[in-house]
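Data first, discussion second: the structure below is written as structure tokens.
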Amino acid sequence: MRLDLTDKAASVSSLLQKMEKHVSLSGKSEAEFANAVGSSNALFKNLRKGSMPSVERLNAILAEIGETLVLGNPDGPSELDAVDTTLIDGRKFATVARHEAQAAAGGGYVNLDLPPIDHLAFSKAWLLQNGIQPSACVLINARGQSMEPSIYDGDLVMIDRRKRDIRSGRIYVYNHPGDGTRIKRLELVPNAAIIIRSDNPNQKEFAPEYITAESMNDISQNIVGEVIWSGHKWG
């Protein structure tokens, strides 16, 4: 079975269909199948909600239904196989580029055309489980307090550059012509407005911004990508 990392939802749906077909043909109940692969009775329920099983559980599922795991889209090689791989204690890791850039409530622009300053390694199993393509992602630092407690000043954030269409409630990095590069939670009111929100509970200092008419293009056409992960240093 080939899993396409560019479309997590499609991969989960395909896996669920194969599992349901196997259950139907074998005469087992969903609970019996879940027990056979070492999972809880919530296995099918979680899949129907769009949750991808862990790599270990996925391998057990595929073994039970007689499938072999292949990564990548049907028309090309595996995305994870195409990137540089590092072995640490026998486990495979892929790297994501980190750039000398910051994003906040204002300031300069993120320039991803410059060479990265280094790369950070992430488990390939974790990348697969979360549907992340390392070559499509970049790491930069956040600056400012507007997104606390979700993202703190100095936190490292991973941006998925494939995800540039605004989905309400998600956090995005975008380049604003007047305010520079920003990290904000965006809400889209179709054909009416984009609401820029900060997560900081001090809404007097970090009040929502309502962008309407042609000014909406300043945001929607300058999305760098969606923030899909962040790392925080304590102390």
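Okay, here's what the table says:
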quantity	calculated
Of all residues making up region 1-60, the number that are assigned to a helix (DSSP H, G or I) and in contact with a Gly (Cβ under 9 Å, 6 or more places away or on another chain)	9
Qualifying residue in region 185-203 (condition: among the hydroxyl-bearing types (Ser, Thr, Tyr) and free of Cβ contacts under 8 Å to residues at least 24 places away in the same chain)	no
Residue count for region 181-199, restricted to those that are under 19 Å from Arg143 (Cα atoms) and surrounded by fewer than 17 Cβ atoms within 10 Å (Cβ to Cβ)	1
Tally, over region 155-166, of residues that are modelled with pLDDT under 90 and more than 15 Å from the chain's Cα centre (by Cα)	0
Qualifying residue in region 118-134 (condition: within 23 Å of Ser220 (Cα to Cα), among the hydrophobic types (A, V, I, L, M, F, W, C) and assigned to a loop (DSSP other than H, G, I, E, B))	yes
Subset of region 212-235 that is hydrophobic (A, V, I, L, M, F, W, C) and in a helix (DSSP H, G or I) - its residue that is most open to solvent (accessible area, probe 1.4 Å)	Ala213
Selected residue (only one of Ile140, Ile159, Ile166 is of a type in the set (A, V, I, L, M), crowded, with 17+ Cβ neighbours inside 10 Å and either farther than 16 Å from Val110 by Cα or without any contact (Cβ under 8 Å) to a residue 12 or more places away in the chain (or both))	Ile166
Extreme residue, most open to solvent (accessible area, probe 1.4 Å), among residues of region 115-132 that are under 27 Å from Ile196 (Cβ atoms) and not small (Gly, Ala, Ser)	Asn130
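The values are calculated or read from the model by the stated rules, or taken from the named source; none is laboratory data. Not measured: the values here are computed from a predicted model. Note that each Cβ is placed from the backbone with ideal geometry, even for glycine, and that neighbours are counted across all protein chains shown. Keep in mind that these areas ignore ligands, DNA and RNA; they rest on the heavy atoms of the full protein, side chains included. Shrake-Rupley method; radii C 1.70, N 1.55, O 1.52, S 1.80 Å.
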